[in-house]
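First the structure, in the form of C-alpha cells, and then the observations on it.
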Amino acid sequence: MNLFKRTKKITDERIENVRNKIYKEMYYVILVICLASALFKLYKYGAGSGELYLEFAILVGGGLFYLARSIFLGVFWDEVEMHDRNSKTPMSRKTVLGAVALALIIAIFMGVNSAISYADGSSQGGWYFVLVSFVSVMIYLPILLLFFGGIYLLAKKIGMKNS
C-alpha cells in the first residue's frame, strides 16, 4: 500500500520553459514598478527623506537572491562559460570594465556636484571638479574592483566546485 508515496509527475519541458519565461517577465515588471515608485518618491519627497527603503530592499535583494541561487545551483558558472563561448569579451574583463565604469560615473557625479555646490568661479569649479573626481576614483575604484572581482571569483570557485 503506497498510500502516501508521491509519484513523480511527468512534466512537459515546453511548459516548464514557458513558465520560466513568464516568471522572468514578471520579475522584470516588478523591477520596473519598483524603479518607477522610487523615482516618484524621489520627485515627491526629495532625496534625503528616507522613503526608499522598501524599493531599495526589493531591487537589491532580488538581485542578490538570484545571484546566490544561481551560484549555489551551479548555473552561474555555466552561464559564464556560455557567455565566454559566444562573446568576444570574456565575463571577467566585463566585470573589471563595469567596476571601472561605475567608479568613473560616481567620480564624475561627485566632481560635478562639488564644482556646482562649492565653487565661487569657473576656474575654481574646474579645479574642484578635477580634484574631487580624482580623489573619488582613487577611493571608489579599488573598493568596487574588490567588490565585483571578489564576488566574481567567489562565484567562480563555488560554481566550479558545484559543477
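Percent of accessible area on segment 15-82 owned by carbon and sulfur, 1.4 Å probe?
On the way: 3760 of 5230 Å².
Here it works out to 72 percent.
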(request) Post the alpha-carbon centroid distance, segment 71-97 to segment 118-159, in whole angstrom. (result) 24 Å
(request) List the equivalent ellipsoid semi-axes of the chain in whole Å, largest first, each obtained as the square root of 5λ for an eigenvalue λ of the Cα gyration tensor. (result) 42, 23, 13
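Between Lys24 and Phe56, how high is the FRET efficiency from 1/(1 + (r/R0)^6) when r is the Cβ-Cβ distance and R₀ = 30 Å? Nearest 0.05. Write out the running numbers ahead of the final one.
Working: r = 22 Å, r/R0 = 0.73.
With a Förster radius of 30 Å, E is 0.85.
Please calculate how many Å² of accessible area segment 44-163 carries per residue, with a 1.4 Å probe and no DNA, RNA or ligand atoms counted.
Details: 8420 Å² over 120 residues.
So segment 44-163 comes to 70 Å² accessible per residue, rounded to a whole number.
Counting only trypsin sites (Lys or Arg not before Pro) that sit in a DSSP loop (anything but H, G, I, E, B) with at most 11 other Cβ atoms within 10 Å, what is the longest stretch of the chain containing none of them? Walk me through the numbers on the way to the answer.
Details: sites that count: Lys5, Arg6, Lys8, Lys9, Lys88.
The longest uninterrupted stretch comes out as 10-87.
Would you tally the net charge around Lys156, using a Cβ to Cβ cut-off of less than 12 Å, leaving Lys156 out, and scoring K and R as +1, D and E as -1?
On the way: positive: Lys157, Lys161; negative: Asp78, Glu79, Glu81, Asp84.
Summing Lys and Arg as +1 and Asp and Glu as -1 gives -2.
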(message) Number of Lys pairs in the chain with C-alpha atoms less than 27 angstrom apart, excluding same-chain neighbours closer than eight positions?
(response) 19
(request) Specify the angular offset, from 0 to 90 degrees and rounded to the nearest 10, of the alpha carbon long axis of helix 53-72 from the longest principal axis of the alpha carbons in the chain. (result) 50 degrees
(message) Whole-Hz ³J(HN,Hα) for each residue in segment 104-117, computed from phi via Karplus 6.51 cos²θ - 1.76 cosθ + 1.60 with θ = phi - 60°, x for glycine and proline: what do you get?
(response) 5, 5, 4, 5, 5, 4, 5, x, 5, 4, 5, 5, 6, 7
(message) Which one, Gln124, Ala107, Asn86, projects farthest toward the positive side of the charge dipole computed for the chain from Cβ point charges (K/R +1, D/E -1)?
(response) Asn86
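Test of understanding: what is the full-extension gain from Asp12 to Lys156, defined as 0.36 nm times their sequence separation minus their Cα-Cα distance?
Details: separation 144, 0.36 × 144 = 51.84 nm, distance 3.15 nm.
Stretched fully, the Asp12-Lys156 segment lengthens by 48.7 nm.
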(message) I'd like the FRET efficiency for Val135 and Ala101, computed as 1/(1 + (r/R0)^6) with the beta carbon distance as r and R0 of 22 Å, rounded to 0.05.
(response) 0.75
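The values are calculated or read from the model by the stated rules, or taken from the named source; none is laboratory data. Note that this is a predicted model, so its numbers are computed, not measured. Cβ coordinates were reconstructed from backbone atoms using ideal geometry, including for glycine residues, and neighbour counts include every protein chain displayed. SASA here: full protein model, heavy atoms, side chains in, ligands and nucleic acids out. Shrake-Rupley method; radii C 1.70, N 1.55, O 1.52, S 1.80 Å.
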